[in-house]
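The values are calculated or read from the model by the stated rules, or taken from the named source; none is laboratory data. Just so you know, these numbers come straight off a predicted model, no measurement behind them. Note that we place each Cβ from the backbone using ideal geometry, even for glycine, and neighbour counts take in every protein chain shown. Heavy atoms of the whole protein, side chains included, go into the accessibility calculation; ligands, DNA and RNA do not. Shrake-Rupley method; radii C 1.70, N 1.55, O 1.52, S 1.80 Å.
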Amino acid sequence: MNSIIYQHLDLIQYVPLFFAAAIFVFTAMGWFFGHYRLKKQSGSQVIVRDSLATAIFGLSALVLGFTFSTSANRYSVREESIRVQAQTLGQVYESLKYLAPSDQATLKNSLNDLLNLRLTIVKDPKTRLEVDKGANQVLELTRKIYEQASRAALNAPPETQTFANEILMPQVKNLSTVFFTGIISQKAHPPSLLMRFLFFLLCVGAFLIGYTMAVKNENDWLLAGLYIALIGLSLYVILSLEMPNILMPYEEINRELLLLKETFSASP
């Protein structure tokens, strides 16, 4: 990922269009270069080594498939992390019944703040720095909740203090771990070197398509256009898996947390 995109996350949606436009340009360049070679050869046949072209296309397909596979895997990890966060928050919320009423109210407010903050930092982020600041705020809030729960467990009613120490506190401790792990998974993305290499391979492949069409006099721009459109769509899918909060419906990736928010709102 390019640092410019990190500074302007709203540009991510245009990256597939940029790739598609670049592929079109290189296809046209290959086509013009092929006609130039034919003209230079005075109409004699120009030989194209299909084995070499196939090797380049195969390498492009390999890198594209690897990028898609790793992006899909990271998306699954993020999705699972959100489920675990929602489940852990719900468990802590339910276990607050072991505390004194005043401490219950304080911790319920803190848990609501944590949930709202978690949902806010990933909704329409403008820069990566903005997301990172929000993530740090989430970690600070989880530490605050742990401190509040530790004090509240000491003041819990005698008949429920054992439950507060043995049930609530491990859940609160796990809450910090779960949110820390979730933030780490949100920051995982493919290295910029891989994306640049993929871009280079796709452009070389597009150049070969245009060049081959020209020298073989097989100007099938329909298939070339379909190739460009499919490459753009493939990159859009990959980026959607990498940045689901930007390119996917907000409610889809955060469904578990939004359902939990409704549950919190309905609770007294």
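Working carefully through the options 257, 235, find the one that is out of contact with any strand residue (DSSP E or B) (no Cβ under 8 Å at 6 or more places or on another chain) and closer than 30 Å to residue 95 by Cβ.
Testing whether each residue is out of contact with any strand residue (DSSP E or B) (no Cβ under 8 Å at 6 or more places or on another chain) and closer than 30 Å to residue 95 by Cβ leaves just 257.
Output the residues belonging to the stretch 140-171 that are closer than 17 Å to residue 82 by Cα and open to solvent by 30 Å² or more (accessible area, probe 1.4 Å).
171
Can you tell me which residue is farthest from residue 13 (Cα to Cα) among those in the stretch 119-138 that are open to solvent by 30 Å² or more (accessible area, probe 1.4 Å) and among the β-branched types (Val, Ile, Thr)?
120
I'm checking my understanding of the structure. Among residues of the stretch 108-117 that are closer than 21 Å to residue 170 by Cβ and of a type outside the set (A, V, I, L, M, F, W, C), which one is least open to solvent (accessible area, probe 1.4 Å)?
Restricting to residues being closer than 21 Å to residue 170 by Cβ and of a type outside the set (A, V, I, L, M, F, W, C), the top hit is 110.
Checking residue 149 against (1) of a type in the set (Gly, Ala, Ser); (2) modelled with pLDDT under 90; (3) more than 26 Å from residue 248 (Cβ to Cβ), only one condition comes out false. Which one?
(2)
Of the residues 36, 75, 14, 98, which single one is of a type outside the set (A, V, I, L, M) and either closer than 30 Å to residue 152 by Cα or at pLDDT below 80 (or both)?
98
How about the stretch 214-234: which of its residues are at negative phi and touching a Leu at 6+ places or on another chain (Cβ under 9 Å)?
Scanning the stretch 214-234 gives 214, 215, 231, 232, 234.
Considering only residues of the stretch 69-107 that are among the basic types (Lys, Arg) and buried (at least 17 other Cβ atoms within 10 Å of the Cβ), which is farthest from residue 181 (Cα to Cα)?
74
Condition first: in contact with a Gly (Cβ under 7 Å, 6 or more places away or on another chain) and either assigned to a helix (DSSP H, G or I) or of a type in the set (Ser, Thr, Tyr) (or both). Can you find one or more residues in the stretch 104-114 that meet it?
Within the stretch 104-114 (the criterion being in contact with a Gly (Cβ under 7 Å, 6 or more places away or on another chain) and either assigned to a helix (DSSP H, G or I) or of a type in the set (Ser, Thr, Tyr) (or both)), the answer is no, since none of the residues qualifies.
Quick check on the stretch 242-267: of everything there that is closer than 13 Å to residue 112 by Cβ and without any contact (Cβ under 8 Å) to a residue 60 or more places away in the chain, which residue is most open to solvent (accessible area, probe 1.4 Å)?
262
Mind counting the residues in the stretch 172-190 that are of a type in the set (A, V, I, L, M) and surrounded by fewer than 14 Cβ atoms within 10 Å (Cβ to Cβ)?
Number satisfying all stated conditions: 2.
Tally time: how many residues in the stretch 229-240 are open to solvent by 20 Å² or more (accessible area, probe 1.4 Å) and either in contact (Cβ under 8 Å) with a residue 60 or more places away in the chain or under 22 Å from residue 83 (Cβ atoms) (or both)?
So the answer is 5.
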